[in-house]
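Read-outs: derived from the displayed coordinates by stated rules, not from any lab. Since this is a predicted model, take the numbers as computed values, not measurements. Counting neighbours? That spans all protein chains shown, and the Cβs are built from the backbone with ideal geometry, glycine included.
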Protein chains: 2
Amino acid sequence: MFNAVTIVGVGLIGGSFSLALKNLGLTKKVIGVSRTKSSADKALGLGLIDEAMSLEDAVRNSDLIYVAIPVDTTIPVMKQIMDLVTDKQIVVDAGSTKSVLCASLKDHPMRHRFVATHPMWGTEYSGPEAAVQDAFTGRTCVICEKEKSDPVIVDIIENVYRQLGMRLSYMDADSHDMHAAYVSHISHITSFALANTVLEKEKEEDAIFELAGGGFESTVRLAKSNPAMWVPIFMQNKEHVLDVLNEHISQLRKFKSCLEKENFEYLQELIEQANKIRRIIK
Amino acid sequence: MFNAVTIVGVGLIGGSFSLALKNLGLTKKVIGVSRTKSSADKALGLGLIDEAMSLEDAVRNSDLIYVAIPVDTTIPVMKQIMDLVTDKQIVVDAGSTKSVLCASLKDHPMRHRFVATHPMWGTEYSGPEAAVQDAFTGRTCVICEKEKSDPVIVDIIENVYRQLGMRLSYMDADSHDMHAAYVSHISHITSFALANTVLEKEKEEDAIFELAGGGFESTVRLAKSNPAMWVPIFMQNKEHVLDVLNEHISQLRKFKSCLEKENFEYLQELIEQANKIRRIIK
């Protein structure tokens, strides 16, 4: 059990992590670090944190510092944190990209006190109000560059995630970013683009959304996601996201070509191929 | 109240329609017409229909004939039905495209006994087992070319759909097909293409799906949809689907260009624009 855990960024992920720690009795106290007072107040009001502090005070008073902020601000904030921590403390991040962060910390003298993680869960909402109980249960948490962290702290963090009900998966930072581009980042881009496609048409046709059913809702749900979170993810993971996006556009072009050429057989084949996703999602 | 309603195609839509009619006590009997004996047996076993008959017998014994089969087979089957019906019967279809069907029936001497409808609801599943209670509640039903149907039968069918909890919307067949391309057909194409994008990668990377979270599931859910239903929809609605698909590919290219040029500001703008979908979906 931790005496005090600091959550840097008490939003969707940080807030949900805090709820889980409290629920499992894994810490005596949760300290919150927020960029704005209103966000800290909300987190206090919702019971996500017990106390709000400045980053420096929070770090000095914690056993575990858990960073869950947009991946661009993670870089400078993590540097500040790592410059403060001692060999008795553990630093963990929960960001959706891993290569840029891991590279930025590669030569830091305290690198061994840091564990790079990505609990693969999220919703289209953000902020303290978006935090939910049992968010991570049944999901996978990726741990990157495990060999660069002290084995004893890796054990502790693995144990925390396991108690949260997560499966663990290990890979290097670049493999993580490639996988994340395929199973998460591209879904967000297609949703954003689909929303823009239809909103564009809505300018002419004001009744269009009256007809939108469940299928439309499910494919554009992610288009409600926060740009403050997603712009930095796409930018940091630019190369992999571009690879997947190019592949996705070329898959869409196959559908286009089938329609243009009235190639029923190939269209049937493309859909049957896509149906194989049934193996994967229930 | 109807004495007997025939459902041609007791699958997702026909089966759900039958459940709703029975639940509301709107018919004494439901007769099912299925292409295969196994499907008819399933529908009987699930209580979706009271009796299975050949198309000809079923039509002769019904007040209302409700057609819910793939849009390509709808054309010849509807011709058979319309050649059999009298001025005491009503024929309704529930297909996802309207132009081709309406054009094919335009000069039929019994056109006035037909109401062209599209209850805008569906899931990625098909067959009698996919039928659900309360499927249509809260959704919109489009009625096309209302002026070509006898007013008295339009009243009856509007009343049925209203009792099912549906809002009614009126448009010509081509407007319907354009709207359907935007709020339904394109979502299916993006889902199929996204599934194929990721399944392609999975050949090299067998661990990829271990990481797939809720966002991925929601955007590829529709990729499980049945090609027997969707190939004919895309083909019949080719022109509108191509328009939307071209617009969607051009929206995706904007994201691509932002990444290639590292244009953060424009990427932020594109996402903020997409966020406006919040107005539409809860």
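Structural remarks
- Between this copy and the others, label points of A:K37 are 7.9 nm apart in ascending order, each placed 7 angstrom from Cα in the Cβ direction.
- When the C-alpha to C-alpha distance is required to be over 19 Å, the pairs from A:K29/A:K148; B:K98/B:K238; A:K256/B:K201; A:K276/B:K42 that qualify are A:K29/A:K148; A:K256/B:K201; A:K276/B:K42.
- Separation of alpha-carbon centers, region B:171-245 and region B:94-133, rounded to whole Å: 21
- Peptide B:242-248 - average C-beta neighbours from other chains (10 Å radius): 5
- Least to most buried among A:L24, B:L211 (fewest other Cβ within 10 Å first): A:L24, B:L211
- Fewest-first sequence of A:T140, A:T74, B:T190 by Cβ atoms within 10 Å of each Cβ: A:T140, A:T74, B:T190
- Distances, shortest first, from the label point of A:D155 to those at the same position in the other copies read 8.2 nm; the point lies 7 Å along Cα to C-beta.
- For A:179-186, mean number of other protein chain Cβ atoms within 10 Å: 6
- Calculated mean residue ellipticity, 222 nm, the protein assembly as shown: -15000 deg cm²/dmol, from DSSP H runs (n ≥ 4) at -39500 (n - 2.57) each, averaged per residue and rounded to 500.
- The region of chain B that goes longest without hitting one of the GluC sites (Glu not before Pro) in a DSSP loop, each with at most 15 other Cβ atoms within 10 Å, is B:1-203.
- In terms of overall dimensions, region B:195-263 has a Cα radius of gyration and Dmax of 15.6, 42 angstrom.
- Farthest toward positive dipole pole in the protein assembly as shown [+1 Lys/Arg, -1 Asp/Glu at C-beta], among A:G95, A:T74, A:T27: A:T27
- Proxy reagent accessibility, fewest Cβ within 10 Å first, across B:V198, A:V152: A:V152, B:V198
- Across identical copies of the chain, A:P76 has label-point separations of 7.0 nm, listed in ascending order, with the point defined 7 angstrom from Cα along Cα→Cβ.
- FRET efficiency for A:E56 and B:N246, using Cβ-Cβ distance with R0 set to 56 Å, rounded to 0.05: 0.55
- Filtered trypsin sites (Lys or Arg not before Pro), region B:94-197: DSSP coil and at most 11 other beta carbons within 10 Å: B:K106
- Inter-chain Cβ neighbour count for A:225-236, averaged per residue, equals 4 (cutoff 10 Å, partner chain atoms only).
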